[in-house]
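In what follows, a single structure is set out as structure tokens and then discussed.
The values are calculated or read from the model by the stated rules, or taken from the named source; none is laboratory data. Since we're looking at a predicted model, the values are computed, not measured. No Cβ is skipped: glycine too gets one built from the backbone with ideal geometry, and neighbour counts run over all protein chains shown. Just so you know, the surface numbers come from the protein's heavy atoms only, side chains and all, with ligands and any DNA or RNA stripped out. Shrake-Rupley method; radii C 1.70, N 1.55, O 1.52, S 1.80 Å.
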Amino acid sequence: MRILLLSAYDADSHVYWREGLVAHLSEYQWTVLKLPGRYFSWRMRGNSLSWAFSEYETLSQPYDLVIATSMTDLSSLRGFVPSLANTPTLVYFHENQFAYPSSGKEFKSVEPCILNLYTALAADYCLFNSEYNRKTMLEGAAALLAKLPDQVPLGLIERIRKRSSVLSVPLCDDSFLPSTAINGEFTITWNHRWEYDKNPQLLLDSMRLLSDLDVDFTLNIVGQQFRKIPKQFDLLNALLADRIGHWGYMPSRLAYQQLLQQSDVVLSTALHDYQGIAVLEGAAAGAFPVVPDRLAYTELFPEGCRYSGEDEAETLALLLKQLIDYKKAGRGLKCVDVSHLNWTVMADHYRRIIQQVALGNVVN
């Protein structure tokens, strides 16, 4: 089977999924086109233009299936390259623009949401990495359509619903490692992009409260950084100067995995996560996941891992103190089994859907 794989905004999580897909389904003949994960607004609007008029020959080859990420402007691309209009297409939603939190600084435009909607409708089938992602996409699209003045066809949301399901991004095989946490020390690792949507204010507030509770801990802050770093990170570094372990991005995957193995807790403070690969990889390496009681995390982790309440900073700090006290008392933290998300387990699920979409069969 010949498959054209389109990654229109090839950010880290998209690369992780794309490379895993090609590596673990090697029996297929893959042609991969990707665009850098930068200049978000232009990439969302311009990917079909960029590809159609610079990769026309590649796009016009005969394929049995197109797999595209949700950032792809699929409706325009199928118009620019007519041969694609008749090729079965599977769209993978790593995220949706309807549920993405606003920073309050960006130019507000409905266009990214419209592009998500058009791409979902242009696809033969859609996959979402979590039910939270699918639910917020459908609810957001329904709310948007309800605001439009006239000539809105009926049944659009139900059309997407019937042609969609949930299939998580699998974890790489090398993610599953034994814990090597050190006795007597308590290590917390926060391993996310240094951006507002990962809620650095909650991280700062909770760490300030935890510091006041007279407990010993070490905090690792890792993850991808960009030109503009939220001010909370400088404040956090100053606040916990004597408690900081590793600080900054770790280009070595081996070193990063060893850090996760040595961690007692892998922590999320996110305002949004559609699956949360960073936390899942921490859990796969034996760290105990501590996550908000919302987003996709309610599907992934048991109640004892989740903090909630009107004051999340306080409940998070208290949960971390409880875990620190457990370890100090010699009560080990239980690992959370995420082995069902291993590529070895999930590859056949991907094969089944790929085969059915390529053959034009309805996927149940």
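ASP337 passes every criterion in (1) of a type outside the set (S, T, N, Q); (2) under 20 Å from the mean Cα position of the chain (by Cα); (3) open to solvent by less than 40 Å² (accessible area, probe 1.4 Å); (4) closer than 20 Å to LEU260 by Cβ apart from (3).
When each of GLU281, GLU299 is tested for being in contact with a helix residue (DSSP H, G or I) (Cβ under 9 Å, 6 or more places away or on another chain), charged (D, E, K, R), open to solvent by 20 Å² or more (accessible area, probe 1.4 Å) and at pLDDT 95 or above, the lone residue that passes is GLU299. The combined condition, being closer than 21 Å to PRO292 by Cβ, open to solvent by 10 Å² or more (accessible area, probe 1.4 Å) and of a type in the set (A, V, I, L, M), is fulfilled by LEU271.
Listed conditions (1) buried (at least 19 other Cβ atoms within 10 Å of the Cβ); (2) within 27 Å of PRO251 (Cα to Cα) are all met by VAL91, apart from (2).
Picking from residues in the range 114-145 that are assigned to a loop (DSSP other than H, G, I, E, B) and open to solvent by less than 30 Å² (accessible area, probe 1.4 Å), the one that is farthest from TRP17 (Cα to Cα) is ALA123. When you check LEU49 against the structure, is it open to solvent by 10 Å² or more (accessible area, probe 1.4 Å) and in contact with a strand residue (DSSP E or B) (Cβ under 7 Å, 6 or more places away or on another chain), yes or no? No, not satisfied. Among the candidates GLY309, GLY360, GLY332, GLY286, the residue that is touching a Cys at 6+ places or on another chain (Cβ under 9 Å), outside any helix (DSSP H, G or I) and open to solvent by 10 Å² or more (accessible area, probe 1.4 Å) is uniquely GLY286.
Residues in the range 43-73 that are at pLDDT 95 or above, within 21 Å of the chain's Cα centre (by Cα) and of a type outside the set (D, E, K, R): ASN47, ILE67, ALA68, THR69, SER70, MET71, THR72.
Just name the residue that is most open to solvent (accessible area, probe 1.4 Å) out of those in the range 146-167 that are assigned to a helix (DSSP H, G or I) and among the charged types (D, E, K, R). Within the range 146-167, the match that is most open to solvent (accessible area, probe 1.4 Å) is LYS147.
So which strands (runs of 3 or more DSSP E) stay within the range 168-256 end to end and still have 1 or more residues that are open to solvent by less than 10 Å² (accessible area, probe 1.4 Å) and touching a Leu at 6+ places or on another chain (Cβ under 8 Å)?
187-191, 218-222
Looking across the range 28-43 at every residue that is in contact (Cβ under 8 Å) with a residue 12 or more places away in the chain and closer than 28 Å to MET250 by Cβ, the one that is surrounded by the fewest Cβ atoms within 10 Å (Cβ to Cβ) is identified as PRO36.
Residues that are in contact (Cβ under 8 Å) with a residue 12 or more places away in the chain and assigned to a helix (DSSP H, G or I) within the range 47-66 comprise ASN47, SER48, LEU49, SER50, TRP51, ALA52, TYR56, THR58, LEU59, listed in sequence order.
Based on what the data block shows, is LEU318 open to solvent by 70 Å² or more (accessible area, probe 1.4 Å) and either part of a strand (DSSP E or B) or among the hydrophobic types (A, V, I, L, M, F, W, C) (or both)? Steps first, answer last, please.
Working: open to solvent by 70 Å² or more (accessible area, probe 1.4 Å): yes; either part of a strand (DSSP E or B) or among the hydrophobic types (A, V, I, L, M, F, W, C) (or both): yes.
Here the answer is yes, as LEU318 does meet what is asked.
Residue by residue, here is whether (1) in a strand (DSSP E or B); (2) open to solvent by 40 Å² or more (accessible area, probe 1.4 Å); (3) of a type in the set (A, V, I, L, M, F, W, C) holds:
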{"residue": "LEU6", "(1), (2), (3)": "yes, no, yes"}
{"residue": "SER13", "(1), (2), (3)": "no, yes, no"}
{"residue": "SER26", "(1), (2), (3)": "no, yes, no"}
{"residue": "ARG45", "(1), (2), (3)": "no, yes, no"}
{"residue": "SER76", "(1), (2), (3)": "no, no, no"}
{"residue": "GLY79", "(1), (2), (3)": "no, yes, no"}
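Being open to solvent by less than 10 Å² (accessible area, probe 1.4 Å) and at negative phi is a description that applies to LEU65.
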